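Report on the following structure.
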Amino acid sequence: MHFETFEPLRTLPVIHAFTGRAPGIDVSTDRETALARLEEAHIDLRSRLGLGARRYLIAEQIHGAGVATVHSGSENRSPAVDALVTDDPSVALGIYVADCGPVFIVDPVRRVIGCAHSGKKGTQLGIAAATVAEMVARFGCDPSQMTAVLGPCIRPPHYEIDFAADIIRQLRESGVGSVTDCGTCTAANPHLYYSYRRELGKTGRMVALLALK
């Protein structure tokens, strides 16, 4: 499975990846079936990244602004949230997207990470800002020491709202010291990424992976 990493995160004490399309896997179906078909490829990738032995934790992802602080004893899937934060190096965080924005947030000083799913609704509700706030409240993080990266997501003219710009604005208004938008549009690159809008809902999901070293 193809995956990419982002320059601002490569020098930090984290392991991260953002997957692309998985060749040869039919994902022209509903979300749960598509994820089931992709599971083996995702497991293989985590193993390749050295995360195979980690607890893999995900969010229910309801297009809201809920954030869960998780650790090795947490549920595998945190209910009713769209972002996860942790300081536990024994876990790996996963967020699934197919046009929505994957947001990676790292505090290398406190060694705390956050990963958020921010689409149109979640962005309007402030999920990126809520993730930063959770890191501050739970772990005493200083936003000025954080690095945040917005990965590939849908953008104009393929979508009527530029929620990517709103995500970046939220992060900066939250005081995050380093904010980077990768600038890539999922719908404009169908050979690389799944796109819910372009493929009318019947498609796979990319996964944003983030873990502490």
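Throughout, read-outs are computed from the coordinates displayed, never taken from laboratory work. Only a predicted model underlies this, so the values are computations on that prediction, with no experimental measurement involved. Quick reminder, even Gly has a Cβ in these numbers, built from the backbone with ideal geometry, and neighbours come from all protein chains shown.
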> Does any residue of segment 163-175 turn out to be among the hydrophobic types (A, V, I, L, M, F, W, C), without any contact (Cβ under 8 Å) to a residue 60 or more places away in the chain and either over 27 Å from residue 43 (Cα atoms) or crowded, with 18+ Cβ neighbours inside 10 Å (or both)?
Replying inline: yes
Whether any residue in segment 72-84 is on the phi < 0 side of the Ramachandran plot, in contact (Cβ under 8 Å) with a residue 24 or more places away in the chain, among the small types (Gly, Ala, Ser) and in a helix (DSSP H, G or I) is what I want to check.
no
Note on segment 165-213: residues at negative phi, aliphatic (A, V, I, L, M) and in a loop (DSSP other than H, G, I, E, B) are 176, 187, 188, 192
Of the residues in segment 1-10 that are assigned to a loop (DSSP other than H, G, I, E, B) and in contact (Cβ under 8 Å) with a residue 40 or more places away in the chain, the one that is surrounded by the fewest Cβ atoms within 10 Å (Cβ to Cβ) is 2
The correct count of residues that are over 22 Å from residue 119 (Cα atoms), of a type outside the set (Lys, Arg) and assigned to a strand (DSSP E or B) in segment 37-64 is 1
- prompt: Out of all the residues in segment 106-120, is one or more under 15 Å from the mean Cα position of the chain (by Cα), surrounded by fewer than 23 Cβ atoms within 10 Å (Cβ to Cβ) and in a helix (DSSP H, G or I)?
  reply: yes
Restricting attention to segment 25-61, the residues that are within 26 Å of residue 10 (Cα to Cα), more than 18 Å from the chain's Cα centre (by Cα) and not acidic (Asp, Glu) number exactly 5
A careful count of residues in segment 11-43 that are charged (D, E, K, R) and touching a residue at least 40 places away in the same chain (Cβ under 8 Å) gives 4
query = Of the residues that make up segment 137-148, is at least one in contact (Cβ under 8 Å) with a residue 40 or more places away in the chain, surrounded by fewer than 24 Cβ atoms within 10 Å (Cβ to Cβ) and part of a helix (DSSP H, G or I)?
reply = yes
Within segment 85-105, the residues that are in a loop (DSSP other than H, G, I, E, B) and surrounded by 24 or more Cβ atoms within 10 Å (Cβ to Cβ) are 98, 99, 100
